[in-house]
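Down below is the structure, laid out as structure tokens.
The values are calculated or read from the model by the stated rules, or taken from the named source; none is laboratory data. In this text, all values refer to a predicted model and were calculated from it rather than measured experimentally. In this analysis, Cβ positions are derived from the backbone assuming ideal geometry, glycine residues included, and neighbour counts consider all displayed protein chains.
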Amino acid sequence: MAQPQQSEGADGAETGKPPLRVGMVGYAFMGAAHSQGWRTAGRVFDLPLSPALAVLCGRDATAVRAAADRHGWADTETDWRALVERDDVDLVDICTPGDSHAEIAVAALAAGKHVLCEKPLANTVAEAEAMVRAAEEAQEQGRLAMVGFNYRRIPATALARRMVAEGRIGTLRHVRVAYLQDWLVDPAFPLTWRLRREQAGSGSLGDLGAHIVDLAQYLAGEPLAGVSALTETFVRRRPLPTGPTSGLAAVDGVGATGTGQVTVDDAALFTGRFASGALASFEATRYATGRKNALRIELNGEHGSLAFDLERLNELSYHDGTEPGAHAGFRRILVTEPDHPYLDAWWPPGHGLGYEHTFVHQARDLVHAVADGRTPEPSFADGLQVQRVLAAVEESAEKNSLYTSIAT
Ligand code: SOE
């Protein structure tokens, strides 16, 4: 697709750079986060292309127009099929529930667009495989596809990856990771789409487990070979919502229309073995009372350890096991220095970042990949591999934790 020579940028200001015109489907929590990413990336980073918030798509014309005005999108559509065919859109960003990822992504790639798809890539391995096939064909035409695992883009996790790759902890022995939320503790929380298998694919597993599987494999620099798992649905029936619902904490839209069946897992616990023989444990739950968005990961290697906590996301803990025992110990690296990943473009040392910046970094990285014509990371193939791990977890849990190999 020919790209215009100049861009007016996300806010209409001329940047003098070729634009990357984004069309986004969905505008709830993730849509708002991605909007922020596209809006900000070109203002903070010196990018080769200028992201433009061209078209926002949602089914309700009034609501999508209001969201477009709020988040800075120029135009709107109410049908994603029309969006993917538009000549003034270069990249389609998919922020819908998982049941529509495959259909939209395959159509967008066939229509000659680059694609960013929120995690998990799809609801099933078969859908993810179809998406990878479409991405491979599109790449021959110069169109690229990325899946949105944003926690790779925290400066501290990116630094942890760099340190593992530099050999600073040596041969990996253990990865210990938990992603804990508590928004389902109240049995009166309504039966929203995230609790329905046909829309969400799975529960905590696909929503939170997908993040920690990706993060663990990214930091380890290698894939999992197999898992043993337990899953549970603690509250099996929930009130049916009477109207639209939103958020993770609010109990809204609940009426007296009865209850419905929860068809996904509430929590997933699994152990895993990496290809190298390193061992991992994973916990994903929406029932960790008091934990709002607590993602913790620790890696233990032959020569050292690294630990990260999303609630302290400007910090990385590092233990250098080669130091003399008398003064060795975990020390806190404040990850705000200009030579830390992503931080040369932000604030002076000590002035930290937050959750939303991960989406800015995601947009930045994708723009560079598109400009360079190289496969973005994580690619759709990476998303498929995570999907295979999730499928192995479900298979293992069905067989009472039987060790289940992950297909390659
Ligand atoms: C809900 O559990 C959720 O919004 C996830 O879907 C996101 O991926 C995560 O970043 C925050 O929690």
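So which of Ser401, Ser379, Ser396 is surrounded by 14 or more Cβ atoms within 10 Å (Cβ to Cβ), out of contact with any Phe, Trp or Tyr (no Cβ under 8 Å at 6 or more places or on another chain) and within 25 Å of Asp265 (Cβ to Cβ)?
Ser401
Being at pLDDT 95 or above, away from the ligand (no atom under 16 Å from the Cβ) and on the phi > 0 side of the Ramachandran plot, is that true of even one residue in region 171-178?
no
Is it the case, given these coordinates, that Val44 is under 16 Å from Pro376 (Cα atoms) and in contact with a helix residue (DSSP H, G or I) (Cβ under 9 Å, 6 or more places away or on another chain)?
Against the criterion (under 16 Å from Pro376 (Cα atoms) and in contact with a helix residue (DSSP H, G or I) (Cβ under 9 Å, 6 or more places away or on another chain)), Val44 does not qualify.
To keep it simple, each residue is scored yes or no on (1) within 16 Å of the ligand (Cβ to nearest atom); (2) not assigned by TED's automatic domain parsing to the domain that holds Leu144; (3) not in a helix (DSSP H, G or I).
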| residue | (1), (2), (3) |
| --- | --- |
| Val22 | no, no, yes |
| Tyr27 | yes, no, yes |
| Ala41 | no, no, no |
| Leu47 | no, no, yes |
| Arg59 | no, no, yes |
| Ala63 | no, no, no |
| Arg70 | no, no, no |
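Which residues, counting only those in region 224-239, are outside any loop (DSSP other than H, G, I, E, B) and either polar (S, T, N, Q) or within 11 Å of the ligand (Cβ to nearest atom) (or both)?
Hits for region 224-239 are Ser228, Thr231.
Applying the selection to region 193-223, what residues are in a loop (DSSP other than H, G, I, E, B) and within 11 Å of the ligand (Cβ to nearest atom)?
Gly203, the sole residue that qualifies.
Select, from Trp80, Trp73, the only residue that is surrounded by fewer than 24 Cβ atoms within 10 Å (Cβ to Cβ), modelled with pLDDT of 95 or more and over 16 Å from the mean Cα position of the chain (by Cα).
Just a single option satisfies the conditions, and that option is Trp80.
Go through Ala130, Ala111 for me and flag whichever is farther than 18 Å from Ala369 by Cα, under 21 Å from the mean Cα position of the chain (by Cα) and free of Cβ contacts under 8 Å to residues at least 40 places away in the same chain.
Ala130
Out of Ala256, Ala280, Ala249, Ala284, I need the residue that is in a strand (DSSP E or B) and at pLDDT below 95. Which one?
Only one candidate passes the filter, namely Ala256.
Looking only at region 75-90, decide whether some residue is in a strand (DSSP E or B), under 17 Å from Val360 (Cβ atoms) and in contact (Cβ under 8 Å) with a residue 40 or more places away in the chain. Step through it out loud before you land on a result.
Going residue by residue through region 75-90, those that are in a strand (DSSP E or B) are 75-77.
Those still in the list that are under 17 Å from Val360 (Cβ atoms) too: none.
No: zero hits.
Of the residues in region 91-115, how many are surrounded by fewer than 18 Cβ atoms within 10 Å (Cβ to Cβ) and part of a loop (DSSP other than H, G, I, E, B)?
So the first thing to find is which residues in region 91-115 are surrounded by fewer than 18 Cβ atoms within 10 Å (Cβ to Cβ), and the list is 100, 103, 110, 112.
When the remaining residues are screened for being part of a loop (DSSP other than H, G, I, E, B), the result is 112.
Number satisfying all stated conditions: 1.
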